[in-house]
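Have a look at the structure below before the remarks.
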Amino acid sequence: MPIYLCNVGGDGGKSKAVEYRLRAAIPDLVAIADIAEVLSRRDKREAGPAYVAVVLPGKDRRVFAEITDFATRHRDRLFLILISEEISLDDYKTVTRTGAADWVSADADPQEILDIIRRGQTRAIEARSERSSERRTVAVAFVPSAGGVGNTTLAAETGVHLKLAKATRELRVCLIDLNFQRSNVCDYLDIEPRLQIQEISTDPQRLDAQLFDIFVSHHASGLDVFAAPRSTFDYCDLDVSALDNLFSMAAARYDLMLIDLPVVWLSWSSKVIAASDAALVVGLNSVPGLRQTVDTLAAIRAIPQTPAQIVVALNRCQRRLVGGIARRQHVETALGREQVFYVGEEPMAIESINTGSPMAMNKSYRAIGKDIAALAGFCAGLTSIRAEQG
């Protein structure tokens, strides 16, 4: 496995001295002009990250920020070893928080770099061994086909059901609400929203384990929720690396992530859906509702990398007196062979919302109990293939 060396603006003489000492310890060192060059050279089938020694300029904050951000965004494929003059403790913490970088002094013995690489390779082997025997984190994107279809309600009810059902209560489940302006999932669950998305959007590297724990809202059922207080925050320009950090830390702690997407399709919506193992499109069983559902399915399938499974949940369906779903033939005509979950209309839904008590926690809820259980069973039965594909 080659080790790369890149000078990103460091002193020319210092860089040459570093390269000379490194080549004595690493004969197959490959000099490159741009770190991104490693991504094009690297075979995606290679296990573990590529290691790049990066010579940094003295005290250029812009370059430092760009390099640490690059490490975060490509943590699955690269590990950067930053080489520079002495840095502050805060800067060193910023480097290590990326999860894909470390720092050594420009005057350090090359053996320190080799030790970092060996430790990283050992951790990668241990992590692969651990993942092979454990359940990989599954991500399910709940995608609304229009406003008011009950996307958040179904995501929350599914999460609570999973934590209360005997067969799935041991699963570690979280619900991540990506509607950062008008989130209402915490109202529905009667808990306090704690995710301060503005803080990590302006500085994604701030998100560490301690801050992550502060952002979690715990529900009595055992479901953990990440949701922001209602605000006028403009999340159109949200730094995607902030979401990447949030999802990466959540994936390390939970077996199942339920992701509640907003109705508005933003620049990062397709990236979130593509990174999920399944997309569950929520719509209504009406002529306009079915058209909106068809359009949303088409938009998802137009994403270059679509989820392994794409299904539909039609909410608030009316039932016939003799049993079955009303207007089911219209659904079959519009959606063809799509896998469809029918969620019946529930008389006590409004009362549940008003009291902040999920229907799944009320033993008297009848009409949609089996419907929610079917959605929960689908989510719990998924397995992740993202790690194998990456």
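Laid out as a table, the results:
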{"read-out": "Single residue of the stretch 320-341 satisfying the filter (touching a Phe, Trp or Tyr at 6+ places or on another chain (Cβ under 9 Å) and assigned to a strand (DSSP E or B)) that is modelled with the lowest pLDDT", "value": "I325"}
{"read-out": "Residue within the stretch 170-185 that is part of a helix (DSSP H, G or I) and within 30 Å of R73 (Cα to Cα) present", "value": "yes"}
{"read-out": "Filtered residues of the stretch 192-206 (kept if part of a loop (DSSP other than H, G, I, E, B) and either within 22 Å of A141 (Cα to Cα) or touching a residue at least 60 places away in the same chain (Cβ under 8 Å) (or both))", "value": "P193, R194, L195, Q196"}
{"read-out": "Residue match in the stretch 17-36 (condition: under 32 Å from the mean Cα position of the chain (by Cα), modelled with pLDDT under 85 and not in a loop (DSSP other than H, G, I, E, B))", "value": "yes"}
{"read-out": "Where a residue in the stretch 22-38 is of a type in the set (D, E, K, R) and its partner, wherever it lies, is at pLDDT 80 or above and in a loop (DSSP other than H, G, I, E, B), with Cβ under 6 Å and at least six apart", "value": "R23/L29"}
{"read-out": "Residues (without any contact (Cβ under 8 Å) to a residue 60 or more places away in the chain and either in contact with a His (Cβ under 8 Å, 6 or more places away or on another chain) or not in a loop (DSSP other than H, G, I, E, B) (or both)) located in the stretch 342-351", "value": "Y342, G344, I350, E351"}
{"read-out": "Count of the stretch 127-142 residues which are at pLDDT 95 or above and more than 17 Å from R316 (Cβ to Cβ)", "value": "4"}
{"read-out": "K44 vs. criteria modelled with pLDDT under 80, part of a loop (DSSP other than H, G, I, E, B), more than 24 Å from the chain's Cα centre (by Cα) and among the charged types (D, E, K, R)", "value": "no"}
{"read-out": "Residues located in the stretch 226-240, provided they are surrounded by fewer than 19 Cβ atoms within 10 Å (Cβ to Cβ) and in a helix (DSSP H, G or I)", "value": "C236, D237, V240"}
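The values are calculated or read from the model by the stated rules, or taken from the named source; none is laboratory data. In this text, all values refer to a predicted model and were calculated from it rather than measured experimentally. All Cβ positions, glycine included, derive from the backbone under ideal geometry; neighbour counts span all protein chains shown.
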